[in-house]
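Participant: What follows is a structure written as structure tokens; I'll ask about it next.
Just so it is clear, none of the values below were taken in a lab; they were calculated from the coordinates. Note that the coordinates shown come from a computational prediction; the quantities given were computed from them, not determined experimentally. We place every Cβ from the backbone using ideal geometry, glycine too, and count neighbours over all the protein chains shown.
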Amino acid sequence: MVVTEQVKELQEKIKELAEKKKALILAHYYQRPEVQEIAHYVGDSFGLSKRASQTDAEIIVFCGVRFMAETAKILNPDKKVIHPNPESGCPMADMVSKEQVLRLKEKYPDAEVVAYINTNAETKTVSDVCVTSSNAVKIVKKLKAKRIIFIPDQALGNWVKKNVPQKEFIIWKGFCPPHFEFTAREVRELKERYPDAVVAVHPECHPDVIDMADFVGSTSQIIEFATTTPAKRVIVITEVGLKYSLLKKNPNKEYIFPETMNYCGTVYCCTMKGITLQNVYESLKEEKNEVILPKEVIERAKRPILRMLELAK
């Protein structure tokens with residue numbers, strides 16, 4: 001990452017503001033490198049959820065997509081939560097609504113609704129438990145229900161189904177556009193080009209891609225695997241923003257990402273990249289773009305999140 005004097009200056013201003021205002025800056029691994037550098041904590045959905053539940057900061061600046069900022073507000077209703085770019089939503093989260101979940105619950109009254117954390121606050125209010133890609137299998141195994149309604153990600157849902165065959169699954173057909181861009185053919189070609197490499201895949205990918213993996217896990221789990229495996233080369237099938245964190249933790253390995261092209265150019269999450277240093281600075285300085293949720297939504301959405309945190313122990 002090439003850091004200009006202008007970038008350094010803006011980063012220093014943000015750090016000074018955060019200290020002055022007693023603000024905690026959280027950032028997802030898919031954020032721009034220069035944004036990750038000013039965060040107090042960088043993590044995946046589960047790590048960020050835990051960190052948001054433990055802070056005593058007066059302000060939380062959440063550098064991620066909308067559902068993540070909402071989760072921070074749900075866990076910290078009395079704190080000011082700022083989302084630097086309100087337009088940075090999650091297409092997957094928007095693929096299922098509260099009303100659609102209620103209809104499924106009516107059709108399958110004996111089922112528990114397992115909501116991937118990648119859901120909007122309203123949808124969480126009618127869910128029984130939330131999960132992340134790092135803990136979904138563990139949590140579903142612990143549930144007493146024999147029938148599971150899994151929303152909204154079909155890829156993660158099918159991965160959990162494969163690992164928990166004793167339960168019946170009703171899986172919603174949502175998906176992550178960037179992760180679903182990856183194909184088995186390009187993974188096969190990369191394996192042929194780098195025969196000494198191991199393959200790490202995010203469970204939001206298509207089942208055909210997951211089947212080619214040496215390791216399947218969340219972003220934080222991929223970081224741990226890729227930076228500690230004996231292999232010198234790792235083919236990483238997830239959002240390309242993770243490469244920065246991988247190189248930072250262990251620069252002595254080669255991390256190979258697919259060169260798939262999508263509507264953003266090379267595969268990355270356009271909405272994650274919608275957070276910039278400039279809008280972090282402006283939103284913190286003016287304390288604008290605050291996440292506001294109705295009290296009843298916060299109360300109801302908090303239950304499945306807290307249940308997740310408890311079951312994930």
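Participant: Run the reach check for residue 144 against lysines, Cα to Cα strictly under 22 Å, same-chain hits fewer than 8 apart removed. What comes back?
Facilitator: Straight-line reach from residue 144, under 22 Å: 105, 107, 124, 161, 162, 167, 302, 313.
Participant: If you take every residue apart from residue 8 with its C-beta less than 14 Å away from the C-beta of residue 8, what net charge results, scoring Lys and Arg +1 and Asp and Glu -1?
Facilitator: Here the charged neighbours net out to -4.
Participant: Only Lys, Arg, Asp and Glu count, each charged at its Cβ (+1, +1, -1, -1), so figure out the dipole size of the range 182-259 about its Cα centre, rounded to 20 debye.
Facilitator: 360 debye
Participant: Hey, another quick one. Treat each spin label as a single point 7 Å out from the Cα along the C-beta direction, and report the residue 290 to residue 94 distance in nm.
Facilitator: Modelled inter-label distance: 2.6 nm.
Participant: OK, next. Roughly how compact is the range 182-259, stated as its Cα Rg over 2.2 N^0.38 Å to two decimals?
Facilitator: The value comes to 0.96.
Participant: Something else about it: Given R₀ = 22 Å, FRET efficiency for residue 259-residue 208 by Cβ-Cβ distance, to 0.05?
Facilitator: Step by step, r from the Cβ atoms, then E = 0.75.
Participant: Moving on. Arrange the peptides 277-290, 114-127 so that the one whose residues have, on average, the most other Cβ atoms within 10 Å appears first.
Facilitator: 114-127, 277-290
Participant: What is the projected area of the convex hull of the Cα atoms of the chain, averaged over all directions, in nm²?
Facilitator: In nm², the orientation-averaged hull projection of the chain is 16.0.
Participant: At a threshold of 8 angstrom on Cα-Cα distance, excluding pairs fewer than six apart, so keeping six or more, what relative contact order does the chain reach in percent?
Facilitator: Result for the chain is 22 percent.
Participant: Could I ask something else about it? For the cross-link pairs 79/248; 79/142; 13/249, which exceed 28 Å when the distance is taken from alpha carbon to alpha carbon?
Facilitator: Among 79/248; 79/142; 13/249, the Cα-Cα distance tops 28 Å for 79/248; 79/142.
Participant: To continue, here is another question. Aspartates and glutamates near residue 21 by alpha-carbon distance under 18 Å, same-chain residues fewer than 8 away left out - which ones?
Facilitator: 12, 56, 58, 78, 282, 286, 287, 290
Participant: Kindly state, to the nearest 0.05, the FRET efficiency for residue 313 paired with residue 146, given R0 = 30 Å and r defined as their beta-carbon distance.
Facilitator: Between residue 313 and residue 146 the formula returns 0.80.
Participant: Aspartates and glutamates within cross-link reach of residue 50: Cα-Cα under 15 Å, excluding same-chain residues under 8 positions apart?
Facilitator: Partners found: 70, 310.
Participant: Now a separate question. Which loop GluC sites (Glu not before Pro) in the range 16-71, with loop taken from DSSP, have no more than 16 other Cβ atoms within 10 angstrom of their Cβ?
Facilitator: 58
Participant: Then there's this: Can you compute the modelled spin-label distance between residue 186 and residue 250, with each label point 7 Å from Cα toward Cβ, in nm?
Facilitator: Simple spin-label model gives 2.5 nm for this pair.
Participant: Taking 0.36 nm per residue of sequence separation and subtracting the Cα-Cα distance, how much length would be gained by fully extending the chain between residue 278 and residue 110, in nm to one decimal?
Facilitator: My answer for the length gained is 55.6 nm.
Participant: Work out the charge dipole of the chain with +1 on the Cβ of Lys and Arg and -1 on the Cβ of Asp and Glu about the Cα centre, then indicate which of 86, 40, 270 is farthest towards its positive end.
Facilitator: Of the listed residues, the answer is 40.
Participant: If you put +1 on each Lys and Arg Cβ and -1 on each Asp and Glu Cβ, how big is the dipole of the chain around its Cα centre, in Debye rounded to 20?
Facilitator: 1000 debye
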